[in-house]
Structure formats: C-alpha cells, structure tokens
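The values are calculated or read from the model by the stated rules, or taken from the named source; none is laboratory data. The model shown is predicted, which means the values in this text are computed figures rather than measured ones. Counting neighbours? That spans all protein chains shown, and the Cβs are built from the backbone with ideal geometry, glycine included.
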Amino acid sequence: MIIWLLGLSALLVLLLAHRSVVVVQEETAVIIERLGRFHRLLTAGVHLIVPFVDRRKTIVWAGGKPKQRYGLVINHLDLREQIVYADPRPVITRDNITLTINPIIYWRIVDPRRAVYETGDLIDAILTTAVSALRNVVGDLELDEVLVSRERINRTVLAALTGVAPRWGIEVSRVEMVELSPPDDIRAAMEKQMRAERERRARVIEAEGRKQAAILDAEGEKEAALRRAEAEGQAAIERARAEKEAARIARESADELARMAAASRHEVLLMEARTDVQVSDARADAARRAEVIRARGEAEAIETVYSALRRAAPGREVLAVKYLEMMRAAADGQANKVYIPYDGAGIWGLMEQLKDLWK
C-alpha cells in the first residue's frame, strides 16, 4: 500500500512539474491564459506557470495552406516571416475576360496578442483581404493593362493589407503575383496577335533600317560635299591671304628700299655738302693764309724799302717815281676805288719835274 502511494505521489509530482515548466524556442511566442483570460506572453526561454490554473492558448487557423504546417490546432506562434500561398483565384477584367491569378503574401507577426484575439482566423483574413483588393484593381483594368501592370497590382494589394495589418498585429512586407493566366482561347488569340505584331515590327524595323541607311548615305554625301566645298573655300582663302601677304611684303620691301635709297642719297648729299663746305673752308683758309703771307711779304718789302730809303736818303725824284709805280699798281686789276693824293699841288710839281727829267 505504501509503495502504491509513493508511486502515485511521484507520478503526481512529475505531472505537476510537466504542467508548471514551459520552454519557449527562439523566435516563438506562447500565450498563457489564466482561467480563460489573457494572462501573459511568453518569449524565448524557460518559464514557470501555475498548473491547472494557467494554460497555453490553443489557436485554430483553418484558412489556407499554412494549416498544413501548423496543423489544425497550435499552441505557439512563429514570429519569423511567413509566406501565404493563395490558391489560384479567378478575377474578371474590365473587358470581361476571366484571369486566374495566384498571389503570394510575405508577412510576420509583430503583436502576438492582437494576432490571436483580434481575428478568429488570421490566415483566412489575410487571404480574403488580398483577394478582394486584387479583384478590385483588376476589375478596373483591361487585359492588356493587367498583363503589363503587375507592379501596380502588387502595390495596390500591399496597400490594402498594410491598412489592416496593425489592427491584426502583423506586418506585410511584400505581395507578388506568381501566376497570371488568361483562358486558352484568349491565350491563342494573344499568341497570334503577338506573332502578327512581331512580323509587323520586323517589317517596320527593316523599312526603318533601309530608310536610315538611305538617310545616312545622303547625309554622308552631303557632308562630303560640304567638306569639299569648305576645303576649297579655305584653300582659296589661304591663297588670297598668301598673295595679300606677298604683296604686302613686296610693298614693304619696295618702301624699305626707297627709304634706304633716299637715305643713301641724303647721306651722299650731306657728304657732298660737307665736302664742299670743307673744300670751301680749305680754299678760304688757303686764300686767307695767302693774303696773310702776301700782306706779310708786302709789309716786309715795304719795311725793307723803307729801311733802305732811310739809309740811302733818296731825293724827291726817286720818291716821285716810286709813288707813280705804286699808283699804277693800285690802278691795275678789279679795284673799284679811287685814290686822291692829299697834296695835289705837290704832285703836280712833281710831275713837272719828272717831265723835265724824261727830256
């Protein structure tokens, strides 16, 4: 009996320990309810709870494929980024064409309490909101616009989810359209249209290529002609400049030669004038010196005659003869002066004496 009681006590202790200790993994959260009400949120680590009073919150998410990962019933929340793969959903465009679109939504839980208590099925709420926004935006577009507006559709659906995400305690980071498929008949018509469009573009491109080639050839010929004309004009300009420069140089050379000749003639005339002046000066100097020498000679001759006369004591007859010789010498030549003796009576008497003497 005692053994059974000890065993039952040990089993009860183990059960209490198992119900009291909660180990939470990294990036995982566990909601603890006490007597049916939210008590606290457990994050990564080891935690103790009151057995039979505190219990883990059981979460049921039945919408979408995530239920295959979590199971129909879960008691912990994954805080990492999650991916919701929506089943292909039919949507109708503005031109009444049915498309099949398969969206993918990237999201993560940021507030576990709101994610559990604000909506009954978080996955189903996300998918329903995304599909509703998707149908609204595709319904406003035609088929061709839908096919080229994936980014616009993604932004619209993301904006719709972002508007309700804070209330649900989640954060939506991205929305992608994985598959966008029109019906088979529309796809066949689109393929035919694309082939026709490609052929048309090929012909247009070929014609445009020929046109561009012709334009380039014409522009090349035009450019070549312009270059030739420009080269010829430049050559003519250079020739004219060279001729003008040669004429200018020749004119300057002629002017320089004329200036040099004029300067040479001027120098020659100056030299001749200087020579004439020097010759005239030399002649005048020589004449002046000759006059001086002649005057000195005459003075010396007079002085000699005068000395001889004083020594010889000549008579009046001799003086009269000398006086007449001097008068004849004075009257000879180009002289334009008239000498009048001071004593006319004496000269007349002297002339009478000379008359008697010549007899």
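Worth a mention:
- Among residues of the stretch 245-293, those that are modelled with pLDDT of 80 or more and among the hydroxyl-bearing types (Ser, Thr, Tyr), counted: 0
Results for (1) within 30 Å of Asp144 (Cβ to Cβ); (2) of a type in the set (Gly, Ala, Ser); (3) surrounded by fewer than 10 Cβ atoms within 10 Å (Cβ to Cβ), shown as yes or no for each residue.
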site	(1), (2), (3)
Ile186	yes, no, no
Ala189	yes, yes, no
Gly220	no, yes, no
Glu230	no, no, no
Arg251	no, no, no
Val277	no, no, no
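- Condition met for Ser132 (surrounded by fewer than 16 Cβ atoms within 10 Å (Cβ to Cβ) and within 30 Å of Thr43 (Cβ to Cβ)): no
- Enumeration of residues in the stretch 132-152 that are in a helix (DSSP H, G or I) and not charged (D, E, K, R): Ser132, Ala133, Leu134, Asn136, Val137, Val138, Gly139, Leu143, Val146, Leu147
- Contact map, the stretch 41-58: first residue in contact (Cβ under 8 Å) with a residue 24 or more places away in the chain, second residue assigned to a loop (DSSP other than H, G, I, E, B), Cβ cut-off under 8 Å, separation 6 or more or different chains; pairs are Arg56/Asn75; Arg56/His76; Lys57/Asn75.
- Any chance Arg37 is among the basic types (Lys, Arg), at pLDDT 85 or above, exposed (fewer than 14 other Cβ atoms within 10 Å of the Cβ) and out of contact with any strand residue (DSSP E or B) (no Cβ under 9 Å at 6 or more places or on another chain): yes
- Taking the listed residues Ala254, Ala286, Ala295, Ala290, the one that is under 55 Å from the mean Cα position of the chain (by Cα) and of a type in the set (A, V, I, L, M, F, W, C) is Ala254, with no other qualifying.
- Screening Gly169 with (1) out of contact with any Pro (no Cβ under 7 Å at 6 or more places or on another chain); (2) surrounded by fewer than 20 Cβ atoms within 10 Å (Cβ to Cβ); (3) under 26 Å from Thr28 (Cα atoms) gives one miss only, at (1).
- Any hit, the stretch 101-110, residues being assigned to a helix (DSSP H, G or I) and either assigned by TED's automatic domain parsing to the domain that holds His76 or loosely packed, with under 15 Cβ neighbours inside 10 Å (or both): no
- The stretch 138-158 residues that are closer than 12 Å to Val175 by Cβ and assigned by TED's automatic domain parsing to the domain that holds Val178, paired with ones that are part of a helix (DSSP H, G or I) and polar (S, T, N, Q) (beta carbon under 8 Å, 6 or more apart): Thr156/Asn136
- Answer residue from the stretch 8-39, given it is assigned to a helix (DSSP H, G or I) and polar (S, T, N, Q) and is farthest from Val110 (Cα to Cα) among those: Ser9
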